[in-house]
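Each remark here refers to the structure printed beneath this line.
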Amino acid sequence: MGAVSVKPEALATRLGGLSLPTGMTPARDAALARLSAMGLPGKRDEYWHYTHPSAFNAATAMPAAVGDNGAALFAGLDAVKLVFVDGVFDAASSDDLTLAGVSLSRLATAPEGHWAQASYGALEAAGQSPIARPWAALNTAYASDGLLIHVTGKAAKPLSVIYLRRNETSDVVLHHVVKLEAGAELTLLEQGPAASRFNHVLEVDLAPSARFHHIRAQGRDLARHAVTHIFAHLAAEALFKSFTLTADGALTRNEAVITFAGHDAKAHIAGAAMGDGAFHHDDTVFVTHAAERCESRQVFKKVLKHGAVGVFQGKILVKKGAQKTDGYQISQALLLDDDSQFLAKPELEIYADDVKCSHGSTSGAIDDGALFYLRSRGVPLRVAQSLLILAFLADTIAEIEDDVIAEDIRAQLETWLARHES
Amino acid sequence: MLEIKNLHVKLEEEDKQILKGVTLSIGAGEVHAIMGPNGSGKSTLSYVLSGRDGYSVTDGSATLDGVDLLAMEPEVRAAQGLFLAFQYPVEIPGVGNMTFLRTALNAQRKTRGEPEISAGDFLKLVREKAKALKIDADMLKRPVNVGFSGGEKKRNEILQMAMLEPKMCILDETDSGLDVDAMKLVSEGVNALRSAGRSFLVITHYQRLLDHIKPDVVHIMAAGRIIKTGGPELALEVENNGYADLLAEVQ
Amino acid sequence: MANLDVDLPLLEVREGVDRETIETVAAMGAYKYGWATDIEMDYAPKGLSEEIVRLISSKNGEPEWLLDWRLAAYRRWLGMEEPHWAMLHYPAIDYQDQFYYATPRSMAVKPKSLDEVDPKLLATYKKLGIPLKEQALLAGVEAPEGERRVAVDAVFDSVSVGTTFKAELAKAGVIFCSISEAVKEHPDLVRKYLGSVVPPTDNFFATLNSAVFSDGSFVYIPPGTRCPMELSTYFRINAENTGQFERTLIICDRGAYVSYLEGCTAPKRDTHQLHAAVVELVILEDAEVKYSTVQNWYPGDEQGRGGIYNFVTKRADCREARAKVMWTQVETGSAITWKYPSCILRGDDSQGEFYSIAIANNAQQADTGTKMIHLGKRTKSRIVSKGISAGRAQNTYRGLVSMHPKATDSRNYTQCDSLLIGDQCGAHTVPYIEVKNTSSRVEHEATTSKVDEDQLFYCRSRGMSEEEAVALVVNGFCREVLQALPMEFAMEAQSLVAISLEGSVG
């Protein structure tokens, strides 16, 4: 476990106002012990080289004005709607927790003996090696609520989680556990800003041939802070797909820790991030291939302007024996002005010989040649720019399998671009 | 239709004079050809007329139907009816060919105050035009010019021309990189668009394209100037004798 | 060359097999340069202390300012920690269990010319294939075509044995001598530029070097001068338990050009030996330096016993407009390689290039790459790295491309390929990319794959053994880098690639 440089007082201060919620006690105690051992990340941590963790280290959340939450996405979709307001489950606005093929319950009300007791925090704990992820450990220890989702067949509808925010200083910790049995299938949608400071963990355990689709749109509130972790564990022939749209937000750190434990599984993780001004967005991905013939894709694109900062840290680790691995990673940034920055560390660590692994990373301005070509056909400058920006982001949206959802996301991107034309 | 007077142009970056006083007048419905050796400034002329960055006009003028072309943004020139078929059509990954065409067509219509074309009408129109150019559905679906062969790219340029219906078309070395069959196909596409209200400026290094697209007037360009103007026979003269004699004659 | 017998069956000439390939394979065997020269040595006492620093300085007859410079570095070093961020694993180095100064007794009084050098030393270099005799040249007769002359500075443990072609180079105004000599003969130049690219505070190993460097090469190319021949330094570690800490300083003045080569070997020893060098290149307006290295220190045996620990800081400062540097390295030796030849592209329109082949076989570990720091406008850099891992080796590319806000309209292209031979080794890529302006374009591509079975089969179906085929395919994989080397070096590097992979298949 990569030790992190921290003084114990800092952690004590950070945890000062918090008390462990009830339920899942052994898992919470163990997580707290992990956290105490690793401490909080500091400036000198290699894993936090490009993103300053001070906003997460602070004892309280910085106030963030509640923005326009906008029209809900995926409105045209027949889904089971689940609403959290400032981290508190809003039963009145939510649908019933019943869905064919799915056992759905909440962390806050899970009784003793609940199936999730064996799962809660397990993937997070496993994901702490070789690199420590203190915020995930903190999440397991202190999460106030979350969804416990057990899928045995093909879920009849997607689950659509909406995180609303009404409070300027809400500091929310939510933790979801998703367990898909062999051959089961589920689509999970998440949207909204959730909190002024949001700590989010999603654990996804996929049995053989299970299929999981995840589409997330992080809220547009300008000043919100979020640190999120996805821990996915894939058995043989499982499929994991996750797409995240981040438009705005002062600081976002999205980590994904994906482990291939069974052969012939596939995991695709994609992210489109757009920031204008005070925007720091960090995608940190760690994919471990520990089984043969698995395929991983990391597709991350960022559009940055007026001093926005984009970070990508992606790693493909291929363990000894994980032959025929196919790993690919692409991180690209479009810098729309001189104040913006793109900082990337795309890593490969490979201990098996019969593999195909590659990564690409590019950064630059909009292609002048393409821009002129469009204009010479009569497309006005701004429209041409938007078209090229959307084209730049197209590879990430292509990772969304459902056309209706993809169209919603595309519309969301267009709205953002229209608002940030200058 | 297109009036170019004493046009002087230099490269912004290198401070190098490329066009040194080009004068040219193309009437409605006329087809003019500009021929000339490499480096004579032919492509520069096409880029300056269509409004590409990197060139500065130091003297002279260019007007389209009396309106100053050089003061307009590229997209406004396009909406005014100017069209450049690129020598090297640009690849735009991520933008579908159909999206590209529809966006361009509607943008031009909007600038001209015309209503947008409906999706259905557009589809019908594009299929019809594409068929004549032997452009299949797959090519229409793919991103603009990405993975297209040389011939496919040039046919795609002509398709755009057919869809956008410009009044002044500039063809920059449209024959380069084409085999005989492809040249024939492209030329047929161009000829089908010839009309009383539409003019063409065909820029080429070789005479062979002019066998297919018959010009009314042929200009010879060298060292940034038009050194000789004549009828179609001038192109044949170049074909038979090369540029050397003409250049010597002028000097 | 005891292993030659083992390879003999390969020498049966088969039709269709290239003569050169056969020779290459015949040359395969264990490390070729593993013998030692039996020679009387003078050592400074073991360990590192202020006294040792003073002793090294006095042995070199240095002025006060340089002693102070060394002492300041030494004191700083005492408070520093050895870095451990690289993907390298080795037992702790005992810095007190080393000799920091070792010199052949015959060098106590510096020979005035090569003729006075101990024949044993001359024989050592002859055996290594390094020409220390200036080829007799008749006035007006040019060297035969294709036979370029190379001036050599030969460094044996802690001292420079001699430098060839000095007089001829002097005629062109080029200064090429050992750094200890330069301190005496050209104090102003040394004082002005020493530590100006790699300051004595730079990093743990560079600071150590600043305190105890014993010798190395010094080059000055005056304005507008194209150095009339290639310059080279040949480093030989011979003494046991002795560290080598050489320091190279090259100044290429305005509009000048030089191509510089560097080679390194060491005998087989069961214990690890430390090598911590510093190379500084100062490149002024319109000047160009090509710096090529074939690093073939003893890599240790198959079990990882012995071998050189190679911790090197190399950096070029393209200080003025249009300065150009090209690093080319072939890293086949050393048990541990920690090396990142870097380019500071300070001048507008300056250019940096880095071409690297790093081969790690058996128990070797390499963590190598480059830094391209773009500070000036329209600066360009190119990185081509080819890493080959075999046996149980670990090979890491580590690099930084940084585009500062003012480095507008700059470009970087990075291609970083790794090849794995066998399933017990590792290949890793750790690039850092930092872009802080919009007009610059950065492109990075990396691939990792195994040696192509189809290519191997194709070669073998044409009569090559598996090892020959691997050598050929790997040479193809490295081609872009090999082409960047000066011709003589390219040949040597090509056969080295084959030798380094000996025993990696089958």
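Taking into account only those residues within the stretch C:208-229 that are open to solvent by less than 10 Å² (accessible area, probe 1.4 Å) and under 12 Å from C:ILE251 (Cα atoms), which is modelled with the lowest pLDDT?
C:SER217
This table checks each residue for (1) farther than 20 Å from C:VAL159 by Cα; (2) surrounded by 24 or more Cβ atoms within 10 Å (Cβ to Cβ); (3) in contact with a Lys or Arg (Cβ under 8 Å, 6 or more places away or on another chain).
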position: C:ILE251; (1), (2), (3): yes, yes, no
position: C:ARG254; (1), (2), (3): yes, no, no
position: C:TYR257; (1), (2), (3): yes, no, yes
position: C:ARG269; (1), (2), (3): yes, no, no
position: C:HIS275; (1), (2), (3): no, yes, no
position: C:GLU280; (1), (2), (3): no, no, yes
position: C:ASN296; (1), (2), (3): no, yes, no
position: C:PHE311; (1), (2), (3): no, yes, yes
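When residues of the stretch C:57-86 are filtered for being among the charged types (D, E, K, R) and farther than 21 Å from C:SER180 by Cβ, how many remain?
4
Residues of the stretch C:352-378 being free of Cβ contacts under 8 Å to residues at least 60 places away in the same chain and over 23 Å from C:PHE489 (Cα atoms), which ones?
Within the stretch C:352-378, C:LYS371, C:MET372, C:ILE373, C:LEU375, C:GLY376, C:LYS377, C:ARG378 meet the criteria.
Scan the stretch B:226-248 for residues that are farther than 16 Å from B:VAL31 by Cβ and free of Cβ contacts under 8 Å to residues at least 24 places away in the same chain and jot them down.
The answer is B:ILE227, B:LYS228, B:GLU237, B:ASN240, B:ASN241, B:GLY242, B:ALA244, B:ASP245, B:ALA248.
Quick check on the stretch B:63-97: of everything there that is in a strand (DSSP E or B) and of a type in the set (A, V, I, L, M), which residue is most open to solvent (accessible area, probe 1.4 Å)? It would help to see each step written out before you state the result.
Here is the first cut: in the stretch B:63-97, the ones in a strand (DSSP E or B) are B:63-64, B:67-68, B:82-85, B:92-96.
Among the residues that remain, those that are also of a type in the set (A, V, I, L, M) are: B:64, B:67, B:82, B:84-85, B:92, B:95.
Working: B:LEU64: 6, B:VAL67: 66, B:LEU82: 8, B:LEU84: 3, B:ALA85: 1, B:ILE92: 4, B:VAL95: 5 Å².
Here the residue is B:VAL67.
All but one of (1) over 30 Å from B:PHE86 (Cα atoms); (2) crowded, with 21+ Cβ neighbours inside 10 Å; (3) in contact with a His (Cβ under 6 Å, 6 or more places away or on another chain) hold for A:GLU399; state the number of the condition that does not hold.
(2)
Consider only pairs whose beta carbons are under 8 Å apart and that are at least six residues apart or on different chains; among these, list those whose first residue lies in the stretch A:385-407 and is at the interface with chain B (Cβ under 7 Å from one of its Cβ atoms) and whose second residue is part of a helix (DSSP H, G or I) and surrounded by fewer than 18 Cβ atoms within 10 Å (Cβ to Cβ).
These pairs meet every condition: A:LEU387/B:THR99.
Among A:LYS319, A:LYS302, A:LYS324, A:LYS315, which is the only one that is open to solvent by less than 10 Å² (accessible area, probe 1.4 Å), within 14 Å of chain C (Cβ to nearest Cβ) and among the basic types (Lys, Arg)?
After ruling out the rest, the residue left standing is A:LYS302.
If you check B:GLY150, B:GLY177, which single one turns out to be out of contact with any Ser or Thr (no Cβ under 7 Å at 6 or more places or on another chain), on the phi < 0 side of the Ramachandran plot and of a type outside the set (Ser, Thr, Tyr)?
Result: B:GLY150 is the single residue among B:GLY150, B:GLY177 that is out of contact with any Ser or Thr (no Cβ under 7 Å at 6 or more places or on another chain), on the phi < 0 side of the Ramachandran plot and of a type outside the set (Ser, Thr, Tyr).
If you scan the stretch A:388-422, which residues turn out to be more than 13 Å from A:LEU73 (Cβ to Cβ) and touching a strand residue (DSSP E or B) at 6+ places or on another chain (Cβ under 6 Å)?
Within the stretch A:388-422, A:ILE389, A:ALA391, A:PHE392, A:LEU393, A:ALA394, A:ASP395, A:THR396, A:GLU399, A:HIS420 qualify.
What pairs can you find where one residue is in the stretch B:34-58 and within 14 Å of chain A (Cβ to nearest Cβ) and part of a helix (DSSP H, G or I), the other is among the hydroxyl-bearing types (Ser, Thr, Tyr) and open to solvent by less than 20 Å² (accessible area, probe 1.4 Å), and their Cβ atoms are less than 9 Å apart, with a gap of 6+ or different chains?
B:SER50/A:SER376
Taking into account only those residues within the stretch B:118-138 that are among the hydrophobic types (A, V, I, L, M, F, W, C) and under 14 Å from B:ALA162 (Cβ atoms), which is farthest from the other protein chains (Cβ to nearest Cβ)?
Among those that are among the hydrophobic types (A, V, I, L, M, F, W, C) and under 14 Å from B:ALA162 (Cβ atoms), it is B:ALA132.
Can you name every residue in the stretch A:344-374 that is charged (D, E, K, R) and either under 30 Å from B:ASN106 (Cβ atoms) or more than 7 Å from every other protein chain (Cβ to nearest Cβ) (or both)?
Selection gives A:ASP367, A:ASP368.
If we keep just the residues of the stretch C:417-468 that are small (Gly, Ala, Ser), crowded, with 19+ Cβ neighbours inside 10 Å and within 23 Å of A:PHE342 (Cβ to Cβ), which is farthest from the chain's Cα centre (by Cα)?
C:SER440
When you look at A:ALA108, is it without any contact (Cβ under 8 Å) to a residue 12 or more places away in the chain and open to solvent by 50 Å² or more (accessible area, probe 1.4 Å), yes or no?
Details: without any contact (Cβ under 8 Å) to a residue 12 or more places away in the chain: no; open to solvent by 50 Å² or more (accessible area, probe 1.4 Å): yes.
In short, no.
Could you tell me whether any residue of the stretch C:327-346 is touching a strand residue (DSSP E or B) at 6+ places or on another chain (Cβ under 8 Å), assigned to a loop (DSSP other than H, G, I, E, B) and charged (D, E, K, R)?
Among the residues of the stretch C:327-346, at least one is touching a strand residue (DSSP E or B) at 6+ places or on another chain (Cβ under 8 Å), assigned to a loop (DSSP other than H, G, I, E, B) and charged (D, E, K, R), which makes the answer yes.
For the list (1) open to solvent by 40 Å² or more (accessible area, probe 1.4 Å); (2) modelled with pLDDT of 90 or more; (3) of a type in the set (A, V, I, L, M, F, W, C), I need the number of the one condition that C:ILE93 fails.
Checking C:ILE93 against (1) open to solvent by 40 Å² or more (accessible area, probe 1.4 Å); (2) modelled with pLDDT of 90 or more; (3) of a type in the set (A, V, I, L, M, F, W, C), the one that fails is (1).
Give me the strands (runs of 3 or more DSSP E) completely within the stretch C:373-477, filtered to those with at least 1 residues that are more than 9 Å from chain A (Cβ to nearest Cβ), ordered by residue number.
Those strands (runs of 3 or more DSSP E) span C:380-390, C:394-403, C:411-421.
The values are calculated or read from the model by the stated rules, or taken from the named source; none is laboratory data. What you are looking at is a predicted structure, and each value in this text was computed from that prediction instead of being measured. Cβ coordinates were reconstructed from backbone atoms using ideal geometry, including for glycine residues, and neighbour counts include every protein chain displayed. Ligands, DNA and RNA are excluded from the accessible area calculation, which covers all protein heavy atoms including side chains. Shrake-Rupley method; radii C 1.70, N 1.55, O 1.52, S 1.80 Å.
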